[in-house]
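Working notes, beginning with the structure itself.
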Amino acid sequence: MSLASQDPLDGVTTRCHRILMTGAAGNLGKVLRDRLKRYADVVRVSDIADLGTAREQEEVAACDLSDPRAVHELVAGVDAIVHLGGVSVERPFEEILPANIQGTYNLYEAARRHGVRRIVFASSNHVIGYYKQGEMLDADTPPRPDGYYGVSKAFGEQLASFYFDRHGIETVALRIGSSFPEAKDRRMMVTWLGYDDLEQLIKRSIFVPDVGFTIAYGASANRDRWWDNSKAARLGFRPVESSEQFRARVESVPPLPADDPAGWYQGGAFVKAGPFGD
Ligand code: NAI
Ligand code: 15L
């Protein structure tokens, strides 16, 4: 078998004892809540929002990520963390700061103190949202955030890079495109990430050895691409889903007017959100 076709997970055990997932009450948390049980004896699910009672193989832990003591307790005894929690859209900086910036710092600090070795950080395409649609980017492309939310995800990536260099905590930062049941518009035809591909990415991000600090884009095998994942080849991510199944419906609606910036930039309508509170 040639090196290029070798799967980095060949011979690797894709199961550990306990995975913590923050943001478990959110859209992607709901998708992954049961799926993560394939990879751990126990999944500790956490959110500031209600998660209901613990299901089989689960521990439920309510936690506000902006509270350092609560986060310290939350992280005790886990082998890996899937960090989805936080504000997931463009909002005033005062809302982004505690959840995304302080919250991600609290999580990495708790991981350091408890000796957690691997974090999967749900970053976002909004880190590079001000690049033009159609421009091909890769993991080394400098950030060009399209709002406070994108800035907070760029902060999370840099924090993760620092915690690897200083403390050896490995992170895969996933610049997720649009992970929803369907691609809803022309932009999402390019940015869409199906849930099976999302699961594959998360699994690889937890278990592929020696990832160091890696940035990977989260998009399915869509016809058109803006993101080149070759610099994240270590993960061996091979998407199998495609947005093509949604094309007829998406293209039955007229495109955005030529003067709408939501149609110019990779971040889409996020470039039009805010300023807030004027
Ligand atoms: P979501 O908004 O549905 O879920 C986020 C969860 O975080 C919510 O359940 C919320 O209660 C929780 N949360 C917010 N503030 C918190 C705090 N202070 N303490 C504890 N929990 C808090 O978002 P979704 O779509 O599930 O996304 C999950 C992650 O993936 C987010 O970090 C988001 O930024 C990222 N992402 C998602 C994309 C997508 O297409 N769904 C695309 C790019 C990134
Ligand atoms: C994100 O980062 C958001 O969390 C999600 O709700 C979508 O807006 C997605 O990006 C997107 O760009 O489609």
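Laboratory data are not the source of any read-out in this text; all were calculated from the coordinates shown. Bear in mind that the values here come from a model prediction, so they are computed numbers and not experimental data. In this analysis, Cβ positions are derived from the backbone assuming ideal geometry, glycine residues included, and neighbour counts consider all displayed protein chains.
Some points to look at:
- Where GluC sites (Glu not before Pro) in DSSP loops with at most 14 other Cβ within 10 Å are excluded, longest remaining stretch of the chain: 183-278
- Extension gain for GLU251-ALA49 works out to 69.1 nm (0.36 nm per residue, less the C-alpha to C-alpha distance).
- Projected label distance in nm at ALA233 and PHE276, using a 7 Å step from Cα toward the beta-carbon: 4.2 nm
- Restricting the range 127-185 to trypsin sites (Lys or Arg not before Pro) in coil, as DSSP defines it, with at most 16 other Cβ within 10 Å: LYS184
- Length available on full extension from VAL12 to ARG113: 0.36 nm per residue minus the Cα-Cα distance, which gives 33.7 nm.
- Descending principal axes extents, the range 16-272, alpha-carbon based, whole Å: 52, 35, 34
- Built amide H within the under 5 Å cut-off of SER124, gap 5+: ILE176
- Using a Förster distance of 41 Å, the FRET efficiency for ARG223-GLU95 (Cβ separation, nearest 0.05): 0.70
- A convex hull fitted to the Cα coordinates of the range 147-278 yields 126 cubic angstrom per residue.
- Derived scalar couplings ³J(HN,Hα) [the range 266-273; Karplus, 6.51 cos²θ - 1.76 cosθ + 1.60; whole Hz; x for Gly, Pro]: 4, x, x, 5, 4, 5, 9, 7
- Contact order relative to length of the range 1-88, as percent, for alpha carbon pairs under 8 angstrom and 6 or more apart: 33 percent
- DSSP-defined beta bridges in the range 16-272 - what % are antiparallel, rounded to 5: 5 percent
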